[in-house]
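Chemist: Have a look at the structure that comes next, please.
Bear in mind that the values in this text are calculations on the coordinates, not laboratory data. No experiment lies behind these values; they were computed from the predicted model shown. FYI the Cβ positions are ideal-geometry reconstructions off the backbone, even for glycines, and counts take in every protein chain you see.
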Amino acid sequence: MATLRVAKPHDGEGDGEVQVVEGAAMSPWGPDAALAVVGKSHPRLEGPEKVTGRALYAYDVRLPRQLVARVLRSPYPHARVVRVDTSAAAALPGVHAVLSAEDAPEIPWYEDSRLFDRTVRFVGDEVAAVAAESVEVAEDALRLVRVEYEPLPFAATLEDVLRPDAPKLRPDGNLAGEPKTYRRGDPETALRAADVVVEGRYSTASALHNAMEPHGCTAAWEGEHLTLWDSTQSVFTVRQEVAEKLGLPEHRVRVIKQHMGGGFGAKQIAWKHDVIAALLSRRAGRPVQLMLDREAENLAAGNRNPTRQHVRLGARRDGTLTAIQARIEQATGAYQVGGEASNVSGMYQTLYRCPNVATEQVVLYTNTGPAVAFRAPGHVEAAFALEQAMDELARVLGLDPLELRRRNYAAEDQTEGKPYSLPEGLSLCYDRAAEAFGWDPAGSPAADGPKRRGVGFAAHDWAGGSGHPPGYAWVKLNADGTAEVVTGTQDIGTGARTGLAQVAAEELGLPLDRVALHLGDTATGPYSPVSSGSATQASIGPAVRAAAADAVAQLLAAASATMEVAADRLSVRGGRILVDGDLSRAVDVADVTQEIAPHMIRGQGERGPNPEDRAIRTFGAQCVEVEVDTETGEVTLLRVTTAHDCGRIVNPTLVDSQIIGGITQGIGFALTEERVVDGRLGLVLNPNLEEYKVPTVADVPPIEHAHVGVPDTVANPTGAKGIGEPPLIPTAPAIANAVFDAVGVRLRDAPLSRSRLLAALAAQGTDGEVRA
Amino acid sequence: MRRFDYASPATIDDALALLAGGDGAVRPLAGGTDLLTLMKADIATPERLIDIKRLAELDDAIALDADGLSIGALATLDDLEDDPLVRQLAPALAEAAAAAASPQLRNMATIGGNLLQRPRCWYFRSSLVHCWLKGGTECQARDGENALHALFDQSPCVAVHPSDLATALVALDASVRLRGPAGERSLSLGEFFAPPTDDRRTENVLAPDELILSVRIPPPADNARGTYLKAMDRKVWAFALVGVAATVARDGDRIGAARIVLGGVAQTPWRAREAEDLLVGQRPDADLFARAADAALAGAAPLADNGYKIPLARTLIRRALAAVTADGAPPA
């Protein structure tokens, strides 16, 4: 079934550009499709390995003669590296390789910098590295490296870099690229003409990913072949980038990732640790493991860009939005890094129907670690502002916040003029969330004592979840009637291995326990794209289904011969081949595969393109109830109800897991998570799990997932879209709106810390504090 | 972590001999939940650790006698949280232990080590900052990021004492029994904790060659009750933004004696004596508690970012007093 047609049409438009067309048409599984495996909860296939500690993560790799590497990091936010003397470190017994700007290859890295650059641009920037026989020896060796720095002026916070007298961090200034502007209609005129205008200045903190598993890898050479066991969201991206950096052909680089303790967007690219480990390993002639510790993880391996957002909404008295204006400032850190996609302005342009919209997005360099994508990058930040502004507008107009949103419903992507693949998706989310929660904006109990309750609502759209074609899968049918599915994608902890196996089992007509799913290895699987943008199931599910369908077609053709029945009368279900759907005349799949063994059925499948005339998006709506202690500023979440258009729900348990995890991160973003930077020192003060406070289970209330579960048959033939990122997007504004509902103060800065809440309550005179 | 030697002596005398003359380069090791963290961060760099978990005379026993409750220095926070005697006679301590850290840490951390833990100030804990408390000349927190720092100015350093137990124990009028080369001595915790000085940049007066043997809590007065309340940035596993321990003994319908101690506001547990004085001899009511709370914070000198701790502390004081004077509250 594999089809790949390459054309180079000379038609005047896109003249002479190569076009690749692939993907045989498959009829989608519709809403009424009778599916046996897809749609059912099934525990993760690798669950037993994980809970018994046997699953092999990057850190668990132990090769003979393996060394451990550590990286010396800049103590200065901005400095010239004048001289690095590694001689004492290299001479320390147990040290086998050392690298620094003095002797490392001049490998291009971020923008115009080098792997070990002569300019360090944040505290934590890489200066030197050693490989040694133990962590202790490696750390001792780092203490022996003598570095002469020439400190340079710096600006480590967004506030500092926006000051008129801020130092110039780059020859061209502090702007990371030209401001991104978008405009439709005439928002200035519309704002002047609006019946109601709400305006607010919002800010969001830099959040740190803090995946449980830090970045890191184990590198080993066999001759000129390099193998990397890396903690990554994209084995193929890492292979391509590492091969390029090291000047190796791609077939000599193998990247493996079997299990992962989270990435959240920060592991989409080859990071310096990959190439440093490979270079040290080559120098030492021994395998090298380089895992980041928590501090390095939080300084140098990504963060969510802090933002300041100035928002204006204009509306008619009936709630119809007439203008949306947003000016956004955000800090990208020391470098612009691949995998960064913080399109903060996007949601302003698309979530609500509005003819007059202008956004301006200004990205600035700061002397902190590079910002990278973090679970719904941009939309999490934008939702905090836009969804509070909508709440405020609803209150000004005396409208139910949900009703206001319904009155401004967008059924198409207004930036592209394309209808959504499931135009009613967001509306269904509104219905399901409101119904399951019992949404009643007037229903908060009257004030009584210091503790007040409130409810909040927020919605979101998201550009992800559509899947990124292309991507490939193979299916092998073994002689015993079991199947192996091979893809080059990766399971970054979401349960993709299980969800994809379910798709394969469904199409193959096999029970799930007769299907094995192999992934996460560039040497054994065909190309698959990065697992970002909530894309894995939507990218590779259709490829797996296509490969399975290809195998089934071959199987039925073989069965037609062995059973002497026309192929079109045959089908597979529950591991048996049925004639005219009749179980009594069925044979086991194994009967056919045994018959032809050792000849083998091999299916191939590809992920066809997304439709050109529709915009595939994911949507969601969330309701929360909070209790605010007006005397202590403590916010307690009582419950969260969430509904998401993620298309078909392939495995409800796995989807619930994503929802619980996303909302948990949203609670952190709303209430406690904030990278604290001392602007005078250029120093991150809390690059640890002690003072950077992620939520604990005690902070997370009961979470109810109100299923939408309508297959998006336009999106792809499985009808499934992504759910990894969306649950986080509306959580923080829903909480902020609920806090407003409870106590009447609007907190426009995230996180909603105690000090901010207590200060706002005191300013309003409703802090409830009893004074003598 | 840097290389260090390790010794596991059998007796206290052996341990003291190993500590003698070490001048801080030799450190006792019990639960290790703070010391090892400091060593990993290169803040503490001892040359030698003396494991005191196997000393014959040092234990984790919790016992009651005529002088009150005696708690061996090796008792873990988990022991304190669950011990029936502690829960009955010193519930403020059991509550403080339960509110501290995480279950994993409470299983390891000892009461002795808990009282000796160093501040959590992020400048102190950064290996890149040579702050005053580490021997430098400047407190970077004083004009820096100080939302978690002190309300009461006691020294050049504005870090706060992180121990929940210390706050409760001062309210319980507890003392520590210490042993050093010159023998044993007992100090009330009010004397034991002392703001750091130019010459002693620690939060207590324990000599480098001394060990804590035990903690003693005197028998509670008749009709005494106590509690510990803690405000944190999340529901569990965080150091106190503000902690309040209160013990109140009733004398008929009036307050006979009271101790109010604040944590998270100073370099030592902060005893609110003005508030205590104001309570004694009065009939408990909400107005009295509010006046006591105001008195307790009257001398506060907030830094740029920590002013929120004042209303927070006032509220916790009022609530703690209400809890320990409410009818039907458990005795202590």
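Chemist: So how strong a dipole does segment B:224-325 carry about its Cα centre when Lys and Arg Cβ are +1 and Asp and Glu Cβ are -1, to the nearest 20 debye?
Modeler: Charge dipole, segment B:224-325, about its Cα centre: 320 debye, nearest 20.
Chemist: A further question follows. Take each complete run of DSSP H in chain B, measure how far its Cα atoms stretch along the helix's own axis, and keep only those covering 15 Å or more with mean Kyte-Doolittle hydropathy at least -0.5; list them.
Modeler: B:286-297, B:309-325
Chemist: May I pose another question? Return the calculated 222 nm mean residue ellipticity for chain B, to the nearest 500 deg cm²/dmol, obtained by summing -39500 (n - 2.57) across DSSP H runs with n ≥ 4 and dividing by the residue count.
Modeler: Estimated from H runs of four or more residues: -7500 deg cm²/dmol.
Chemist: Sticking with this structure for a sec: Hey, what does the equivalent ellipsoid look like for segment A:206-274, semi-axes from the Cα gyration tensor as sqrt of 5 times each eigenvalue, largest first, whole Å? Could you put the intermediate results ahead of the total?
Modeler: Details: eigenvalues 106, 28, 16 Å².
Those come to 23, 12, 9 Å.
Chemist: Then there's this: In whole angstrom, and with the biggest value first, how far do the Cα coordinates of chain B range along each principal axis?
Modeler: Taking max minus min along each principal axis of the Cα atoms, chain B gives 59, 49, 35 Å.
Chemist: Using only the Cα atoms of segment A:7-118, what do you get for the radius of gyration and for Dmax, in Å?
Modeler: In order Rg, Dmax, the Cα atoms of segment A:7-118 give 26.9, 71 Å.
Chemist: Now, a different point. Viscosity 1.306 mPa s, temperature 10 °C: Stokes-Einstein D of segment B:45-85 from its Kirkwood Cα radius, in µm² per second?
Modeler: Diffusion coefficient, whole number: 133 µm²/s.
Chemist: Now for a different question. Taking θ as phi - 60°, what are the ³J(HN,Hα) couplings along segment A:149-166 by the Karplus curve (6.51, -1.76, 1.60), each to the nearest whole Hz, with x for Gly and Pro?
Modeler: 10, 10, x, 10, x, 9, 9, 9, 10, 4, 4, 5, 6, 8, 5, x, 9, 4
Chemist: Around A:Tyr76, which amide H atoms from residues at least 5 apart in sequence, or from another chain, sit under 5 Å from its own amide H, with H modelled in the peptide plane?
Modeler: It is A:Gly124, by chain and number.
Chemist: I've got another one for you. In deg cm²/dmol and to the nearest 500, what is the mean residue ellipticity at 222 nm of chain A if only DSSP H runs of at least 4 residues count, each as -39500 (n - 2.57), divided by the residue total? Please report the intermediate quantities before stating the final value.
Modeler: Values: 18 runs with 199 residues, N = 772.
That comes out to -8000 deg cm²/dmol.
Chemist: Sticking with this one: Given H placed 1.01 Å from N in the peptide plane, which residues other than close sequence neighbours of B:Thr202 have an amide H under 5 Å from its amide H?
Modeler: When sequence neighbours closer than 5 places are left aside, the close amide H contacts are B:Thr197.
Chemist: List, in the order given, every pair from B:Lys53/B:Lys235; A:Lys40/A:Lys693; A:Lys8/A:Lys272; B:Lys134/B:Lys235; A:Lys693/B:Lys40; A:Lys8/A:Lys476 whose Cα-Cα distance in the structure shown is over 29 Å.
Modeler: Beyond 29 Å between Cα atoms: B:Lys53/B:Lys235; A:Lys40/A:Lys693; A:Lys8/A:Lys272; B:Lys134/B:Lys235; A:Lys8/A:Lys476.
Chemist: Same structure, new question: Can you give me the long-range amide H partners of A:Leu67? Hydrogens built in the peptide plane at 1.01 Å from N, cutoff under 5 Å, separation of 5 or more residues or another chain.
Modeler: A:Val288, A:Gln289
Chemist: Moving to a separate point now. Going by how many other Cβ atoms sit within 10 Å of their own, how do A:Arg748, A:Arg65 line up, fewest first? Don't jump to the answer; show the numbers that get you there.
Modeler: Numbers: A:Arg748 20, A:Arg65 11.
Listed from fewest to most nearby Cβ atoms, that is A:Arg65, A:Arg748.
Chemist: Can you check how the C-alpha radius of gyration of segment B:1-56 compares to 2.2 N^0.38 Å, as a plain ratio? Walk me through the numbers before you get to the answer.
Modeler: Details: Rg = 10.9 Å, N = 56, 2.2 N^0.38 = 10.2 Å.
Dividing the Cα radius of gyration by 2.2 N^0.38 Å gives 1.07.
Chemist: State whether chain A is rounded, prolate or oblate according to the following rule on the C-alpha gyration tensor (a ≥ b ≥ c being the square roots of its eigenvalues): a/c under 1.5 gives rounded; otherwise a/b larger than b/c gives prolate, and the remaining case gives oblate.
Modeler: The shape class here is oblate.
Chemist: What list of ³J(HN,Hα) couplings, whole Hz, do you get for segment A:455-472 from phi and the Karplus terms 6.51, -1.76, 1.60, once you set θ to phi - 60° and write x for glycine and proline?
Modeler: Running phi through 6.51 cos²θ - 1.76 cosθ + 1.60 with θ = phi - 60° gives 10, x, 10, 8, 10, 7, 10, 7, 6, x, x, 7, x, 10, x, x, x, 9 Hz.
Chemist: Then there's this: Would you mind ranking B:Asp294, B:Asp51 by Cβ crowding within 10 Å, fewest neighbours first?
Modeler: B:Asp51, B:Asp294
Chemist: Which value in Å does the Kirkwood hydrodynamic radius of segment B:224-325 take, with 1/r averaged over all unlike C-alpha pairs and then inverted?
Modeler: About 13.6 Å, per the Kirkwood formula over Cα pairs.
Chemist: What is segment B:166-215 by shape, rounded, prolate or oblate, if you read a ≥ b ≥ c off the alpha carbon gyration tensor as root eigenvalues and call it rounded for a/c under 1.5, prolate for a/b larger than b/c, and oblate otherwise?
Modeler: oblate
Chemist: Using the number of other C-beta atoms within 10 angstrom as an exposure proxy, rank A:Ser281, A:Ser755 with the fewest first. Intermediate results must be reported in sequence, preceding the final value.
Modeler: Numbers: A:Ser281 27, A:Ser755 16.
Sorted ascending by nearby Cβ count, the order is A:Ser755, A:Ser281.
Chemist: A further question on this structure: Between B:Arg2 and A:Asp195, how many nm apart are label points set 7 Å from Cα along the C-beta direction?
Modeler: Taking the simple label geometry, B:Arg2 and A:Asp195 are separated by 7.2 nm.
Chemist: Now a separate question. Relative contact order for segment A:445-549: what is it in percent, counting Cα pairs under 8 Å that are at least 6 residues apart?
Modeler: 38
Chemist: Counting only C-alpha contacts under 8 Å and six or more residues apart, can you give the relative contact order of chain A as a whole percent?
Modeler: On the way: 2002 pairs, mean separation 125.0, N = 772.
This gives 16 percent for chain A.
Chemist: Now for a separate question. Applying the Karplus parametrisation 6.51 cos²θ - 1.76 cosθ + 1.60 with θ = phi - 60° to the phi angles of segment A:109-122, what ³J(HN,Hα) value in whole Hz is obtained for each residue in order, glycine and proline being reported as x?
Modeler: In residue order, the calculated couplings are 10, 3, 6, 9, 8, 10, 3, 10, 8, 7, 10, 9, 10, 6 Hz.
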